[in-house]
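Notes to accompany the following structure.
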Amino acid sequence: MPASAQTTATPNVSKRQALQQKRIAEGVRSGELTAKETANLEAREAKIQADKHAAKADGVVTNAERAKLQAEENRASRKIYQKKHNDRTTK
């Protein structure tokens, strides 16, 4: 793998994004997430994806950018948990 590919690689972020998408899908399937909650969570995930692309745009993902992405993922994870475990359901 070329050095430039390594500096822009964000495997941890990509892995977390996939897992969080799965958690959102499970919440929809089980009825734990309403349509509005799902839209809010999907918008959060889209912002993380956009920030990831912006971080990669200059060819290098810095430690600060990685930390920002990690913090965004942490916030998104907490929101998924909160929205799945509140009293709102689709059933």
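The values are calculated or read from the model by the stated rules, or taken from the named source; none is laboratory data. Computed from a prediction, not measured in an experiment: that's the story for all the values here. A quick note on method: Cβ atoms are made from the backbone with ideal geometry, for glycine too, and the neighbour counts reach across all protein chains shown.
Some notes on this structure:
- ALA25 being among the small types (Gly, Ala, Ser), more than 22 Å from ASP87 (Cβ to Cβ) and modelled with pLDDT of 95 or more: no
- Any hit, the stretch 21-41, residues being surrounded by 10 or more Cβ atoms within 10 Å (Cβ to Cβ), among the hydroxyl-bearing types (Ser, Thr, Tyr) and under 12 Å from the mean Cα position of the chain (by Cα): no
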